Structure formats: structure tokens, C-alpha cells
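The structure under discussion appears below in the form of C-alpha cells.
Each value in this text was obtained by applying a stated rule to the coordinates, not by laboratory testing. Note that the structure is a prediction, hence the values are computed from the model and not measured. So basically every Cβ, Gly included, is an ideal-geometry build from the backbone, and we count neighbours across all protein chains shown.
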Amino acid sequence: MTEPEVLIVGAGPAGLTAATYLARFRRTVLVADGGKSRACWIPVSHNMPGFPQGITGDAILRRMTEQATEYGAVIEKGRIEALGREGDAFTARLNGQTVRARAVLLATGVTDHHPDLPGVERAIERALVRICPICDGYEAIDKAVAVISTDDKGAREAAFLRTYSDRVALIHVGPVEDLTCRDELERLGIELVCAPIDNVRLEGDRVTALSWGGTFRSFDLVYSALGTSPNATLAEALGARTGEDGRLFVDPHQQTSEPGLYAAGDVVRGLNQIAVASAEAAVAATAIHNRLRQADGLIVPPK
């Protein structure tokens, strides 16, 4: 397919939700699947609505893919190499071909900054190293928790985890001057360690990290608070407005500052939740459908 009405960039929860909505709006939809969504890192999600026993990230993506394709959305493996404008429409390069679309939805997400530890990807898959206390802080209740960070973001995350445990340590691996809230950490009873981590051991269901003075410390859970980088380069190339954190500004209908270019999910704001991404995608898909209806003269204007 080279002439879809709508091109969706990204096959994570936001992109797949939008694909289902738009396909059910009887729009021709092409989803460019540029690789693994960060949702695939989820070992088991217990805050996904409708799954009280939990569901894996792979299962979420598989179900959402089946739903989108059932209604006719086309999903093609490959990265969008370039995105441009052609009048009121858009052109994109995908797998060496030019794709033209009347509207584009960016669901490109963010890239996590994982700690430089051996075996970190496997540790994330086993839920020993985690990246989202909003998603799974509940599972940290009364456990020994370490947060790895380079700045005050780690302090804020450690404070958030005090909701669940009184055994929280912040391992600050960045410049000492980048941590400005030591007094607050002491007030909250958060242990502070300022030293690089040299190694990590995974023993059963625990993490043992060698980090300072040859000392080994065992933790039930380790959280990475090293931040993310938004994948917004395609939008920036078109002149779409971004904030200081690199995320895209959108209006209440999820449209960026570029008419016809929409965005949903983690590339837009920082909560990084599947429920949020899906809700934004539903808003964006509906707005795109109505925009195209208006362009085709298929709406009754308000009096």
C-alpha cells in the first residue's frame, strides 16, 4: 500500500489504538512498525484496565495488533526514513518506497536510557531492573529498593517509592553537584550512595550490585531513573514545536503545530502509561477522521 489516507508511525499501544479507530472509521491506514515498542519490556502489567490478573507487554501488543488488522489496518515492518509535505498532504520514505498520506499520526514514543550494567536487558525482562514506578511500584511494597540516577530526577523517584517501602536507597552515579536535594533525602529516610556501579549480579530473584568501595549490596528491585529521549526527529524536521524536554506540543485534539500532523503517547508527554497513550490515540484518530470529513465536505457545519 503506497496511498493510505492516514500514515501512523509506530506500532506501540498508541499507534495500534489509533489504527483500530481509524480502520473502524473506514479509513485506509498504514502503520509503519519501526521495531520493538518499549511496551514489550513489560514482564507483567497489573495496572492495565481489564486485566486484574495482569498481562505481559507482548500479549498487549499482540492483542492490539490482531484488533487493528481485523478491521483492515495494514502494518508494515520498517522505519520511516524521512517525512515531508506535498501541498496539504505528506510524503514519507518507507523501505525504499514513497508513501503519500493525507494525515500522519506520530506514535514514535521515547528511547530509555538504560544503566550501563551487564545483562541489563535480561534483568528488565525478569522485572529485576525496572523503569516505571507508576506502573509497578505496588510490587515494591516492603522490599529493598535501589534507584539509579544522575540527577534530582532520581531523588524524586526515590521519594515516590517511599509510598511503598521504607527501605529505599538512591545510588547517584552522576556528578555530585547535580544532586541538590540531599536534605530532603535525609528527611524522607532515603539512603544516599554517591558512587559508580561497577558490576551487577542477578541471583535468583534479587539484584546484587557492586558499586562502592568493593561493597556488595543486595536489593529486591532496582529502578533506573536515567530518563528518556523522545523520538521526535521526524516532526522536528517539519518544524513542529517541541518543549525543552524534546516532547511534542499538541492541541486538545492531539494535533501538533503542523496542520495534519498529530502525535500521541510518550512522545507527547511524560507520564508514559499505556492507558494515557491509548486515550490520546483515540482523540487523535477521531480528530483526523473529522478533519478528512471536513476536507471532503461530509460534515454539517454548526449554525
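What the table below lists for this structure:
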item	result
Using θ = phi - 60° and Karplus 6.51 cos²θ - 1.76 cosθ + 1.60, couplings along the range 248-264 (whole Hz; Gly, Pro as x)	7, 7, 9, 8, x, 9, 6, 8, 6, 5, 9, x, x, 9, 10, 8, 8
Formal net charge of residues neighbouring MET64 (Cβ-Cβ distance under 13 Å; K, R +1; D, E -1)	-2
Once the Cα gyration tensor of the chain is diagonalised, semi-axes √(5λ) in Å	40, 19, 17
Unit Cα scatterers, Debye sum, the range 144-185: log10 I(q)/I(0) for q = 0.14, 0.15, 0.32 Å⁻¹	-0.26, -0.30, -1.17
Mean Cβ count within 10 Å, highest first, over the residues of peptides 149-157, 16-24	16-24, 149-157
Set of lysines with alpha-carbon distance to LYS77 below 29 Å, sequence-local pairs under 8 removed	LYS36
Shape metrics for the range 114-224, restricted to C-alpha atoms - Rg then Dmax, Å	12.7, 36
Zero-based 5 Å bins, Cα pair distances in the range 28-88, whole percents	4, 15, 19, 20, 16, 14, 7, 3, 2, 0
Karplus-derived HN-Hα couplings along the range 167-181 (A = 6.51, B = -1.76, C = 1.60, θ = phi - 60°), whole Hz, x at Gly and Pro	10, 10, 10, 9, 9, 8, 10, x, x, 4, 5, 7, 9, 10, 10
Highest-first arrangement of 221-232, 99-110, 49-60, where packing means the average Cβ count within 10 Å	99-110, 221-232, 49-60
Cα-based helix-to-principal-axis angle, 152-161 vs the chain, degrees rounded to 10	80
Principal-axis tilt of helix 274-295 within the chain, Cα atoms, nearest 10 degrees	20
Estimated [θ] at 222 nm from DSSP helical runs (n ≥ 4, -39500 (n - 2.57)) normalised by residues in the chain, nearest 500	-7500 deg cm²/dmol
Between helix 57-70 and the chain: long-axis angle, C-alpha atoms, 0 to 90°, nearest 10	10
Other-chain or far-sequence residues with amide H under 5 Å of SER45's (modelled H)	ILE55, THR56, GLY57
